[in-house]
1. DSSP loop (so not H, G, I, E, B), at most 14 other Cβ within 10 Å: list which trypsin sites (Lys or Arg not before Pro) in region 359-434 pass both filters.
2. Gain in length, Lys214 to Leu442, computed as 0.36 nm per residue apart minus the alpha-carbon separation, to one decimal in nm?
3. On average, how much accessible surface per residue is there in region 51-446, in Å², for a 1.4 Å probe, leaving out ligands, DNA and RNA?
4. Using 7 Å Cα-to-Cβ label points, what is the Lys172/Ser241 separation (nm, one decimal)?
5. Ignoring any ligand, DNA or RNA, what whole percent of the accessible area of region 51-446 comes from carbon and sulfur when the probe is 1.4 angstrom?
6. List, in order, the whole-Hz ³J(HN,Hα) value for each residue of region 103-111 obtained from phi through the Karplus relation with A = 6.51, B = -1.76, C = 1.60 and θ = phi - 60°; use x for Gly and Pro.
7. Rounding to the nearest 10 and keeping the result within 0 to 90°, find how far the Cα-based axis of helix 244-288 lies from the longest principal axis of the chain.
8. Return an integer: the convex hull volume of the alpha-carbon atoms of region 272-410, in Å³ per residue.
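The values are calculated or read from the model by the stated rules, or taken from the named source; none is laboratory data. As the structure is a prediction and not an experimental result, all values here were calculated from the model. Note that each Cβ is placed from the backbone with ideal geometry, even for glycine, and that neighbours are counted across all protein chains shown. Each accessible area value is taken on the protein alone, full model and side chains, heavy atoms only, with ligands, DNA and RNA left out. Shrake-Rupley method; radii C 1.70, N 1.55, O 1.52, S 1.80 Å.
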Amino acid sequence: MEGQTGWKLRHIFRNKKVNQVDDHENSSPKEIDEVNFDFNVIRNDKPADYAQLEIFHRAASPIMLLGQCFAVMPLTAIWQANPRFVKFRFKSVQMLITLLFMAASLVLNLSMMKFLVKIGITAKNFVGLVFYTCVQCACILFIDLARHWPPLIRYWTRVELIFNKPPYEVLKRSLSQRVRLSALIIIGCSIVEHALYQTSAVISYTRQAEFCSKFPNSTMGGVSFENYIVMNYSYVFQVLSYNRFVGAYILLVAGTSTFIWNYMDLFIMMISKALAYRFEQISDRVRRLQNEERVPESTFIEIREHYVRMCQLLERVDNALSSIILLSCANNLYFVCVQLLNIFNKFRWPINYIYYWYSMLYLVCRTACVFLTAATINDESKSALAVLRRVSSKNWCVEVERLIFQMSTQTVALSGKKFYFLTRKLLFGMAGTIVTYELVLLQFDEPNRRKGLQPLCA
């Protein structure tokens, strides 16, 4: 999008006003902050009350603050209403928490790797290693994003101030409602998924221990926390020896890793909701012009200027976020295939079926929601086209033609390092890829499924 968009913005928009905007936006963040200390659109504007504005920073800050409790996005002053106070510091409590978690999860990752080398790698026991590796990579990418976040969120807020004043209106569902509701749904569903996983593991262990302990030669002791941890996380004890603190440490790291694993998709959805909201405001303004008998050319110049600003913001966000998007898509593709493979297996206890079916449905729905939410950016950026093409001859001007051309030819969407763009077409392409991979995995796993269940006390 960088090359194509940049070329079009340089050659299509010759208007002096738009060129001035481009020069302003291409300035370094430090230079712009020094000119507009409080991000006011006009130097003479009154200082903004950020606590009352409908901006992404205010909408997302509670969710980002929650993420910091789980070692994600190590930023300081994220709770401040004014994004000017948001900073990234290596010497901070947030960064210390992130580094401690990464060190703790690295121990589990290396333990899993050593264990797999010892017993041999298969498609099913490889899942844990992929999971912890994805979480480690996500932490590194979120640290890199946090480094670039302060200038990005300040730039974002400057653009958003335009849409917090007339003629733009707050839409039916506010930005905060859209961002927070989607986040709460993902968090709630992920909590249920993790709770079902732990319940399935505990019930399976309890029943196995109760049944096998009846045999005189059984090496399995009674039901205890120690035996549960040693049985379900045996790979960790290739490196560490057991004690209660180690058991609590394993559960804490596993739970935090699950949160981060879900947070990648949650964060992409929040970003997508916020960007799509602003494009929807532009489309809403264009639709309201239908009822006006005479629309001056300056109105279309202003609309096009704001549309250019949003495209530049999207490109800047995409440059910062595209690595996380690439990791998230690869992660979702792999785990959807794995869970689809698991539901064809036989299990001993009903709770196992409940967990695997819920987990599979949750993963499929979460993946679809990420793609569809991100695709709304592209949809909303083009939603005003039909109205613009019906502009009457007395209101028609070269600015309308330029705006139509930009909307219809430019790909306005988030991407995975420019390899692909998150649009509705990509969702169907990914679904086809999943079906293909799943058929291959089922063929390779056929011998294992024919063997059936292993003896319970083997």
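1. When the trypsin sites (Lys or Arg not before Pro) of region 359-434 are filtered for loop state and at most 14 Cβ neighbours within 10 Å, Arg390, Lys394, Lys417, Lys418 remain.
2. 78.4 nm
3. 44
4. Using points 7 Å along Cα→Cβ, the separation is 6.5 nm.
5. That share works out to 65 percent.
6. So the Karplus estimates, Gly and Pro as x, are 5, 5, 6, 5, 4, 5, 5, 5, 4 Hz.
7. 20
8. Residue-normalised Cα hull volume stands at 127 Å³.
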